[in-house]
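Heads up: the structure comes next, in structure tokens.
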Amino acid sequence: MSSILYLLVLPVLSFASDDEEFRTLELGIKKQERRAARIMRTPNIVPPRYKRQKIDQDWGSVWPAARTFHPATVPLPVRQGYPAEGQPIPDKWGNAELMKIPNFLHLTPPVIKRQCEVLKSMYQL
């Protein structure tokens, strides 16, 4: 049985001849073969709401009641507070004074007029 195994293995074994080049073991990737860098795609960023708002919009639907100030909703450069000495006045994004109490941005003249008309129609004599 061992002679049969020897005969089967013998043709598979081949010895390197003198004209073949000795192969080298390459562990790392060559600089030429490296992958190309990923393409960075910039996502489609929607502009903030205050930049998309129309000038003649119905303000009562945007700010319907008294609530805490939110800078992305108001398209105006609102400021409040007294700046520290030598410091610039904080804008609406970094102003903690605007966020402390509910404000009266919902009481614009057109909204007050509309609310008065509704009240007049309800309490006519």
The simple spin-label model distance between Ala66 and Gln53, using points 7 Å out along Cα→Cβ, in nm, is 2.0
Could you give the length gained on full extension between Ile45 and Tyr82, defined as 0.36 nm per residue of separation minus the Cα-Cα distance, in nm? 9.9 nm
Where labels lie 7 Å past Cα in the beta-carbon direction, separation of Thr73 and Ala36 in nm: 4.8
Net length gained if the chain between Ala96 and Gln115 were fully extended (0.36 nm per residue, minus Cα distance): 3.8 nm
GluC sites (Glu not before Pro) restricted to DSSP loop in the stretch 46-125 with at most 15 other C-beta within 10 Å: Glu85
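Here, each number is a calculation from the coordinates, and none is a lab measurement. Model, not experiment: these values are computed from the prediction. Because the Cβ atoms are built from the backbone with ideal geometry, glycine has one as well, and the counts that use them run over all protein chains shown.
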